[in-house]
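Enquirer: Pasting in a structure now, in structure tokens, and then I'll have a few things to ask.
The values are calculated or read from the model by the stated rules, or taken from the named source; none is laboratory data. Nothing here was measured: the structure is a model prediction, and the numbers come from that model. Heads up, the Cβs are rebuilt from the backbone with ideal geometry, glycines too, and the neighbour counts pull from every protein chain shown. In case anyone asks, the SASA skips ligands and DNA or RNA and just uses the protein heavy atoms, side chains included. Shrake-Rupley method; radii C 1.70, N 1.55, O 1.52, S 1.80 Å.
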Amino acid sequence: MKKITYILAGFALFAAAVPVQAHFQMIYTPEMALKEGAKIPLALVFSHPFEAGHTMDMGKPEEFYVIRSRGENEPQRTDLLKTLQPITWTSLTNSGKAWETEYSIRGGDYIFCLVPEPYYEAEEEAYIKQETKLIINGGGEPGAWMDPVGLAVEIVPLAKPYDRWVGNVFQGRVLANGKPVAGAEVEIEYLNHEPMLDKKAFAKKAAVEAPQDAFVLQTIFADDNGVFTFGIPRAGWWGFAALDLEPDYTYKGKKCSRDAVIWIKAVDMK
Amino acid sequence: MMLLAFLLSFCLIATQAWAHTPLCSCYDNGDNTVTCEGGFSDGSSASGVNMRVENKDGSVLSDGQMSDTSEFTFDKPEGGYKVIFDAGEGHQIIIDSSKIVE
């Protein structure tokens, strides 16, 4: 009987782990720290960034907006949902429905926030909803990058996300409904295949090769205050996904993993 | 004693801004006005910083201060000009009109 219980527990663990493995909601634009104001392209793609693998179909997002803050000015929110145009994004193994838009920025911080429609993972009979933040800066004058934006689940940076040299650490605090999530599981992936916005596809060439599968998707647990720390080993984009932050959350009567994602881009010191 | 406290507080206020890099960018609004946004690299406000618009020979076309939201808007002059963000000696930024685009 004991043996069966173990087997069942093993299955349950397996089932719980699989739906969230390596899925990353991306808000992609080539640069995070712009020297000056510019019109920037943005692509919303739900994929597996290290391997440029299976790209999931995105539904129409529930919310997509930007919060601009500069210096001590009050942050200002602009809705961008209506600006989204549907596109098809090509991975190395398939194509999936995605979205694109562009936005003119001036100076200061621009926090792009995406609340996607939950994605149904049929094999697991469960949904995934990754509420995602991307913080862009124009000109170097900071704004309110360190403040929560009020998403139901979010990662709030404790280190300025757009000033990270390679070798620095990135720290974030995981929040669910405004409160720190002690021991939150955070998965980390490197954007290993350059997104080519003109072709709406990942580049075939990988930047690095993982010596073993564990390195594709790194894992860190947050401490008792919901804070995690990651040493940045390489220049480029890194995605952080804090998983299943509201374990009882459901969507259309089924389990829904409510995840918080943030992206940073580190730069070589040279 | 009061005077010392006053001087000390002034020194602290001033240092906060001076210890960091001044930043200013100007944008052509496309309606014959130009808006400059200023600040400091530590996120402190540039409200009250003197702003000046000069033509090529140095005569002043308009002047004023950065607003409460660290902005300064002026009518776009004919021909070339430059904008001076003047936060005190050693903390000036001069922006040529050729660098000011929409």
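Enquirer: When you check residue B:63 against the structure, is it more than 14 Å from residue A:141 (Cβ to Cβ), of a type in the set (D, E, K, R), within 14 Å of chain A (Cβ to nearest Cβ) and without any contact (Cβ under 8 Å) to a residue 40 or more places away in the chain, yes or no? Spell out how you get there, then give the answer.
Expert: On the way: more than 14 Å from residue A:141 (Cβ to Cβ): yes; of a type in the set (D, E, K, R): yes; within 14 Å of chain A (Cβ to nearest Cβ): no; without any contact (Cβ under 8 Å) to a residue 40 or more places away in the chain: yes.
No: the conditions fail for residue B:63.
Enquirer: Those residues that are more than 7 Å from chain A (Cβ to nearest Cβ) and acidic (Asp, Glu), I need them from region B:34-49; list them, please.
Expert: B:42
Enquirer: Based on this model, can you work out whether residue B:102 counts as closer than 20 Å to residue A:105 by Cα, within 13 Å of chain A (Cβ to nearest Cβ) and open to solvent by less than 30 Å² (accessible area, probe 1.4 Å)?
Expert: Details: closer than 20 Å to residue A:105 by Cα: yes; within 13 Å of chain A (Cβ to nearest Cβ): yes; open to solvent by less than 30 Å² (accessible area, probe 1.4 Å): no.
No; evaluated as a whole, the condition is false for this residue.
Enquirer: Does residue A:105 satisfy the condition of being under 25 Å from residue B:25 (Cα atoms) and surrounded by fewer than 24 Cβ atoms within 10 Å (Cβ to Cβ)? Talk me through it step by step, then tell me what you get.
Expert: Details: under 25 Å from residue B:25 (Cα atoms): yes; surrounded by fewer than 24 Cβ atoms within 10 Å (Cβ to Cβ): yes.
When the stated conditions are applied, residue A:105 passes them.
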